[in-house]
Amino acid sequence: MTTTTTDPSYVDPALVNPRAIRLVEAFKDALARLRDEEGLTFDDLNAAADVLQRIQTATGAPLALVAMPMYSEIFQGGQDGYTPGEEVNSPTFFAGSPRIGNPGTLPMRDDEPGTPLIVTGRVLDGNGRPLAGAKVEIYHAANNGDYSGMYDDGVPKFNLRGHQFTDDEGRYSFTTITPVAYADANVMAIDEAVEATAALGRSLFRPAHIHYEVHHSDLVTPWRGEIYFKGDPVIPVDFVGAKLAHPALQADTTLHEDPKDIAEAGFEVPYRTMEFDFVLKSRTSPDTAPAKA
């Protein structure tokens with residue numbers, strides 16, 4: 001409860017946050033060093049803020065989502081998928097996704113565009129033991145780069161979103177459509193955004209990826225992150241930053257075009273498969289990730 005007073009110099013001591021003060025002072029000190037050592041100017045900051053404002057206005061996206069490229073690498077860059085880090089909760093996530101079977105299929109529209117994808121794998125601890133009953137949250141963008149539930153576009157709220165639980169051997173399996181690299185058309189129409197990303201040696205595209213959250217009582221902390229597709233040429237020039245797609249977070253995919261394979265899988269068109277094992281640090285796991293065979 002705040003205190004009402006007519007004294008303009010009064011600050012409620014109960015509301016003072018020492019950590020907030022330290023962070024603001026440290027941030028200003030960092031800006032001062034950039035000014036003195038790299039020539040940062042007030043116009044530079046205004047230009048960056050202007051680009052963010054233009055993107056937010058053009059897309060209607062939350063400001064947190066618009067600003068993510070500026071800080072995601074700081075907290076997520078180099079994450080190896082094993083050691084818990086300062087994972088950034090994606091603004092594209094929201095709770096309440098439907099439970100699907102294991103194996104199961106993510107909810108999607110009848111005419112969902114894209115190449116079918118069957119994903120399989122296991123959730124293991126650092127000792128190689130399966131984590132049975134782990135909750136695996138899964139979601140990704142549609143072929144146009146949009147995430148369901150973010151915009152008033154008529155797409156079902158939980159399109160391409162769901163969760164399942166691993167079996168006794170820690171296995172998970174689901175069918176979806178293969179994500180593709182994407183960029184927001186509204187952002188691409190902003191000249192200043194195009195110029196700013198090019199100046200940084202980046203593309204306006206994000207590489208294809210699937211978002212996951214893995215929850216289990218044995219884990220040190222829930223794992224949140226993205227799994228990418230090995231060999232994707234967009235990874236080195238990722239709009240958000242190339243360090244996000246650590247090699248340990250990249251999976252191989254196989255394209256199946258043989259008519260017999262297609263029929264046996266229950267599809268009418270070529271499809272892809274991907275296998276990825278999560279090896280996550282539990283309370284009894286080694287401090288560092290075990291070497292892959």
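The values are calculated or read from the model by the stated rules, or taken from the named source; none is laboratory data. Everything quoted here is computed from the prediction, not taken from an experiment. Cβ atoms come from the backbone with ideal geometry, glycine included; neighbour counts cover every protein chain shown. When the accessible area is computed, the model is the full protein with side chains, heavy atoms only, and any ligands, DNA or RNA have been set aside. Shrake-Rupley method; radii C 1.70, N 1.55, O 1.52, S 1.80 Å.
Before moving on, here are some points about what is shown:
- Residues in the range 94-103 include at least one that is open to solvent by 60 Å² or more (accessible area, probe 1.4 Å) and either among the hydroxyl-bearing types (Ser, Thr, Tyr) or assigned to a strand (DSSP E or B) (or both).
- Test: residue in the range 51-72 that is open to solvent by 30 Å² or more (accessible area, probe 1.4 Å), under 27 Å from residue 281 (Cα atoms) and under 14 Å from the mean Cα position of the chain (by Cα): yes
- Failed item, numbered, when residue 122 is tested on (1) basic (Lys, Arg); (2) outside any loop (DSSP other than H, G, I, E, B); (3) surrounded by fewer than 18 Cβ atoms within 10 Å (Cβ to Cβ): (3)
- Qualifying positions in the range 14-40 - loosely packed, with under 11 Cβ neighbours inside 10 Å, of a type outside the set (Gly, Ala, Ser) and not in a helix (DSSP H, G or I): 16, 17
- Of all residues in the range 156-168 being open to solvent by 40 Å² or more (accessible area, probe 1.4 Å) and hydrophobic (A, V, I, L, M, F, W, C), the one that is farthest from residue 224 (Cα to Cα): 158
- Per-region count, the range 174-199, residues under 28 Å from residue 82 (Cβ atoms), open to solvent by less than 20 Å² (accessible area, probe 1.4 Å) and part of a strand (DSSP E or B): 2
- There is at least one residue in the range 125-134 that is modelled with pLDDT of 95 or more, surrounded by 15 or more Cβ atoms within 10 Å (Cβ to Cβ) and not in a loop (DSSP other than H, G, I, E, B).
- Listed here are the strands (runs of 3 or more DSSP E) enclosed by the range 200-293 that have at least 1 residues being aromatic (Phe, Trp, Tyr), in contact (Cβ under 8 Å) with a residue 12 or more places away in the chain and farther than 30 Å from residue 187 by Cβ: 271-275, 278-280.
- Scanning the range 135-167 for residues that are at pLDDT below 95 and of a type in the set (Asp, Glu) yields a count of 3.
- Scanning the range 137-155 for residues that are in contact with a helix residue (DSSP H, G or I) (Cβ under 9 Å, 6 or more places away or on another chain) and open to solvent by less than 20 Å² (accessible area, probe 1.4 Å) gives a single hit, 145.
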